[in-house]
Amino acid sequence: MVIIYVEIIVEAMWLMLQHDTPDDFVCSTGVSHTVKDLVEYVFNKLDLNWKDYVTKNPKYYRAEELKFLKGDCSKAQKELGWKHKYTFETMLDEMVEYWLKELS
């Protein structure tokens with residue numbers, strides 16, 4: 001599962017542009033989460049049981065998908081001084097708070 005927080009990525013791009021030589025950098029939290037992790041966290045935050053609302057259909061599973069995806073941002077941290085500022089939970093908290101406000 002990949003969640004992109006634009007502010008963090010734009011900061012990383014700016015730092016890359018300031019770097020003396022062009023190079024490839026990974027911008028990530030270095031932590032892997034599943035869709036189930038996201039669903040469980042958000043539904044718990046809303047005091048709901050996700051199993052009452054969500055169903056899984058094996059028809060949509062992708063066998064060729066990698067089991068775990070996790071980026072290594074150590075090079076960006078070391079060479080650019082870049083660091084992710086949000087955790088999986090803080091990003092989801094912000095999204096839930098935004099939509100609760102927006103939909104109320």
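The values are calculated or read from the model by the stated rules, or taken from the named source; none is laboratory data. Every value quoted in this text rests on a predicted model; they were computed, and no experiment measured them. Ideal geometry is used to build each Cβ from the backbone, glycine not excepted, and the neighbour counts take in all protein chains shown. Accessible surface areas use protein heavy atoms only, side chains included; no ligands, DNA or RNA. Shrake-Rupley method; radii C 1.70, N 1.55, O 1.52, S 1.80 Å.
Once the Cβ-Cβ distance of K36 and K78 is raised to the sixth power relative to R0 = 35 Å, the FRET efficiency obtained is 0.60. The rule of thumb for compact globular proteins, 2.2 N^0.38 Å, goes into the C-alpha radius of gyration of the chain 1.33 times. Checking the Cα-Cα distances for K51/K85; K45/K75; K36/K59; K45/K70; K36/K101 against a 27 Å cut-off, the pairs over it are K51/K85; K45/K75. The range 8-49 and the range 65-81 have Cα centres separated by 10 Å. Where the accessible area of the chain is counted over protein heavy atoms with a 1.4 Å probe, how much of it, in %, is carbon and sulfur? Using a 1.4 Å probe with all protein chains present, the chain comes out at 57 percent carbon and sulfur. Using heavy atoms of the protein chains and a probe of 1.4 Å, the accessible area assigned to K85 is about 130 Å².
Subtract the Cα-Cα distance of V6 and Y98 from 0.36 nm times their separation in residues, and report this length gain in nm to one decimal.
31.6 nm
Order the following by accessible area, largest value first: T55, T90. Probe radius 1.4 Å; ligands, DNA and RNA are ignored.
Largest accessible area first, the residues go T55, T90.
Loop sites here are chymotrypsin sites (Phe, Trp or Tyr not before Pro) outside DSSP states H, G, I, E and B with no more than 13 other Cβ atoms within 10 Å. The longest part of the chain free of them is 1-52.
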